[in-house]
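What follows is one structure encoded as structure tokens, with my remarks underneath.
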């Protein structure tokens, strides 16, 4: 591997600092209310330097998405190294995802932003979007692999198509987390006030329900 020059290392460090500051500001103020001026000031750089690294606030948010998805994938990948039945691996991945979004809601919202701008022809062609897409595909392979392990060891019913089931798990888990974050906001559907719940109870309830439907009952009886 070619050794980086001091100038290249400084450029990378400055970019990471900008993302650090942007994460903090967006976490506190939200994406729409945050400005490039605030980010530049927080990072201690001029606006010209900021725009050399990121052409827009959207690009910074996509960089946050890339960082968050990479961190999440690292944690999910570690789960697959555990020698456990596939059903338990799926549950562990679910809990890992829960803990991650609880601690890092800014990443979850960045994931949603990335998915919502894919129809924008200009933004969708950026390298940042491509890297986020690669990370999303990697995350899906972890879920699929855990399901395949479970179908092979008998802990999960083999009547499912693993990739289709992985999509169901991914889509449903996003919906559950979205409901929880919606309730935290001032304006939300009134039906959310009729039920006492938290992100923790919703996701664990979802994991238990999922396990009930996927679990191979025949193996349990043996």
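The values are calculated or read from the model by the stated rules, or taken from the named source; none is laboratory data. Note that the structure is a prediction, hence the values are computed from the model and not measured. A quick note on method: Cβ atoms are made from the backbone with ideal geometry, for glycine too, and the neighbour counts reach across all protein chains shown.
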Requested in this report: Report yes if some residue within the stretch 65-76 is surrounded by fewer than 22 Cβ atoms within 10 Å (Cβ to Cβ) and more than 13 Å from the chain's Cα centre (by Cα); otherwise report no.
Outcome: no
Query raised in the report: Of the numbered conditions (1) without any contact (Cβ under 8 Å) to a residue 24 or more places away in the chain; (2) within 28 Å of residue 56 (Cα to Cα); (3) surrounded by 13 or more Cβ atoms within 10 Å (Cβ to Cβ), residue 137 satisfies every one except a single condition; which is it?
Result: (3)
Query raised in the report: Going by the structure shown, is residue 23 modelled with pLDDT of 95 or more, more than 22 Å from residue 203 (Cβ to Cβ) and within 17 Å of the chain's Cα centre (by Cα)?
Result: yes
Requested in this report: Hey, could you check the stretch 163-198 for residues that are in contact with a helix residue (DSSP H, G or I) (Cβ under 7 Å, 6 or more places away or on another chain) and within 14 Å of residue 210 (Cα to Cα) and say which is surrounded by the fewest Cβ atoms within 10 Å (Cβ to Cβ)?
Outcome: 172
Requested in this report: Considering (1) outside any helix (DSSP H, G or I); (2) within 25 Å of residue 85 (Cβ to Cβ), say which one residue 197 fails and leave the rest.
Outcome: (2)
**Report entry** Among (1) part of a helix (DSSP H, G or I); (2) closer than 20 Å to residue 127 by Cβ, the one test that residue 4 misses
**Finding:** (1)
**Report entry** Those residues of the stretch 152-162 which are at negative phi and either surrounded by fewer than 15 Cβ atoms within 10 Å (Cβ to Cβ) or not in a helix (DSSP H, G or I) (or both), in sequence order
**Finding:** 152, 155, 156, 157, 158, 159, 160, 161
Report task. Determine if the stretch 201-213 includes at least one residue that is crowded, with 16+ Cβ neighbours inside 10 Å, at pLDDT 80 or above and not in a helix (DSSP H, G or I). Result -> no
Query - Extreme residue, surrounded by the most Cβ atoms within 10 Å (Cβ to Cβ), among residues of the stretch 23-53 that are part of a helix (DSSP H, G or I) and touching a residue at least 60 places away in the same chain (Cβ under 8 Å) - result: 26
Requested in this report: Name, by its number, the condition in (1) closer than 22 Å to residue 72 by Cα; (2) in contact with a helix residue (DSSP H, G or I) (Cβ under 7 Å, 6 or more places away or on another chain) that does not hold for residue 158.
Outcome: (1)
